[in-house]
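The values are calculated or read from the model by the stated rules, or taken from the named source; none is laboratory data. Not measured: the values here are computed from a predicted model. Counting neighbours? That spans all protein chains shown, and the Cβs are built from the backbone with ideal geometry, glycine included. These area figures cover heavy atoms from the full protein model, side chains too; ligands, DNA and RNA do not enter into them. Shrake-Rupley method; radii C 1.70, N 1.55, O 1.52, S 1.80 Å.
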Amino acid sequence: MVFNENLYMLGSTLLVLGYTCATVRGSDPFTYESNSKKTSEPACYGSTYTSFVSLSCPQPEVVYPLEVYVGAKPNSTGCLDFENDYTEHDKDLKEKCCRNINETTDCTGKYNGPNRTLIIETCMGLSLCKNIHVVWESTSNMSCSAEHHYKSTTNYAYLDYFCIKKATIGTPVRNHRYQSRNSGMFYLTANDINSYKSGMLDRNVTCSITASTNLSTIEVWIMDLRFRPESLQKVIIYDGSTGKQLGGSNHTRPFLKPISSSSSINITFETVRSSDEFLWLGFAANDAYIVIACDVSDGTQITGDVEPLSQEKKQNGYMVAGIAGGIGFLAVCVIIGFMVYRRIKANKTNRKVEDDRRNLPKNEDTPGMNNVSNNVKELQ
């Protein structure tokens with residue numbers, strides 16, 4: 001579905017007023033995760049049991065699907081029709097037809113069929129999303145080059161997606177504070193990202209979103225919003241004096257869209273447990289980092305995207321720890337040695353006094369004997 005500029009502005013206005021506009025896909029300039037954008041390896045349509053598209057992100061990152069694409073090879077390549085499967089004898093042909101995208105000669109485009117939503121929903125928030133069945137589109141509905149002839153349907157599919165770090169994703173929990181790194185994105189999901197597929201949880205919390213500089217404007221993005229038409233979820237975004245409640249009958253599919261822009265944002269989450277409703281919001285500020293505080297009290301620790309230690313810092317840390325450990329061990333040895341020395345010295349003194357007592361004549365009052373007895377008591 002393609003919107004012209006005027007219709008896009010109208011849709012944005014409706015979104016602010018009542019959140020009833022239709023989904024706009026792929027037309028918004030979301031550039032904050034551009035460095036983490038990936039393209040899956042394509043797979044051919046034809047065998048629903050052996051040909052699948054897979055998405056994967058390194059740990060600890062999760063998949064955020066962007067778009068589903070389909071493509072057709074020119075007839076001159078000799079690729080098989082979708083009714084035929086590639087065999088062991090067709091390895092080179094399959095590699096050419098199913099594993100490579102030629103942006104010059106191939107006819108490619110976004111897939112807008114009914115399975116798009118299912119694919120996006122299935123992969124959202126996972127570290128590995130596999131066994132995605134290959135979808136197809138009629139090439140007559142696509143803008144294919146007139147220089148080449150193509151079969152009536154596309155023969156491969158692939159996805160664009162982001163790999164988003166879990167460290168940049170928090171949850172609206174009371175007495176929690178989060179902070180982004182530099183001017184990067186930070187996200188809030190209604191559930192912990194590791195349990196995103198479990199849906200919404202009971203929440204009653206307000207989070208303030210601020211930027212590190214007063215001159216920065218905070219952007220709020222809907223990453224995923226799937227509420228039932230009769231939903232009981234209440235999520236209100238306040239940008240200044242204006243409050244906007246998320247929801248509406250058209251917000252039943254995942255999509256990516258900016259919804260607010262202000263120097264200060266407050267969001268109230270009054271949500272109830274629901275296994276088939278989902279919410280993922282993103283926040284960014286140009287040339288500033290984001291701070292999110294959810295009903296915090298004094299002394300609340302800041303968590304978030306902490307920069308990992310470099311290898312050099314790790315080695316220096318190991319060296320300092322080793323030196324400190326060695327000094328500590330040496331100090332313990334010195335203390336133990338000193339205590340053993342004192343004990344041995346005391347035992348020798350006791351034995352000497354006892355020997356002197358045995359050598360004294362009976363009933364002889366020796367000058368200084370009382371002092372020796374006192375010394376023995378003190379040593380004992």
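Among the residues of region 158-194, count how many are in a strand (DSSP E or B) and at positive phi.
Of the residues in region 158-194, 0 are in a strand (DSSP E or B) and at positive phi.
Working only within region 95-139, note down all residues that are open to solvent by 20 Å² or more (accessible area, probe 1.4 Å) and aliphatic (A, V, I, L, M).
Residues satisfying the conditions are 101, 118, 126, 128.
Residue pairs, Cβ under 8 Å, 6 or more apart or interchain, first in region 75-90 and without any contact (Cβ under 8 Å) to a residue 40 or more places away in the chain, second surrounded by 10 or more Cβ atoms within 10 Å (Cβ to Cβ) and assigned to a loop (DSSP other than H, G, I, E, B). List them.
Once the first residue is without any contact (Cβ under 8 Å) to a residue 40 or more places away in the chain and sits in region 75-90, its partners that are surrounded by 10 or more Cβ atoms within 10 Å (Cβ to Cβ) and assigned to a loop (DSSP other than H, G, I, E, B) give 83/46; 84/46; 85/46; 85/47; 85/50; 90/80.
Looking only at region 140-157, count every residue that is in a loop (DSSP other than H, G, I, E, B) and open to solvent by less than 30 Å² (accessible area, probe 1.4 Å) and tell me the total.
The qualifying residues number 2.
Looking only at region 247-276, which residues are open to solvent by less than 60 Å² (accessible area, probe 1.4 Å), modelled with pLDDT of 90 or more and assigned to a loop (DSSP other than H, G, I, E, B)?
Matches in region 247-276: 272 only.
Mind listing just one residue for me: the one in region 212-242 that is more than 25 Å from the chain's Cα centre (by Cα) and polar (S, T, N, Q) and, of those, least open to solvent (accessible area, probe 1.4 Å)?
231
Quick one: would you say residue 300 is out of contact with any helix residue (DSSP H, G or I) (no Cβ under 7 Å at 6 or more places or on another chain), at pLDDT below 65 and open to solvent by less than 80 Å² (accessible area, probe 1.4 Å)?
yes
Just to check your reading of the model, which residue among 4, 84 is over 30 Å from residue 166 (Cα atoms), at pLDDT below 95 and in contact with a Gly (Cβ under 8 Å, 6 or more places away or on another chain)?
Step by step, each of 4, 84 is checked, and only 84 is over 30 Å from residue 166 (Cα atoms), at pLDDT below 95 and in contact with a Gly (Cβ under 8 Å, 6 or more places away or on another chain).
Determine which member of the set 140, 183, 145 is at pLDDT below 90 and over 29 Å from the mean Cα position of the chain (by Cα).
None of the others qualify; the one that does is 145.
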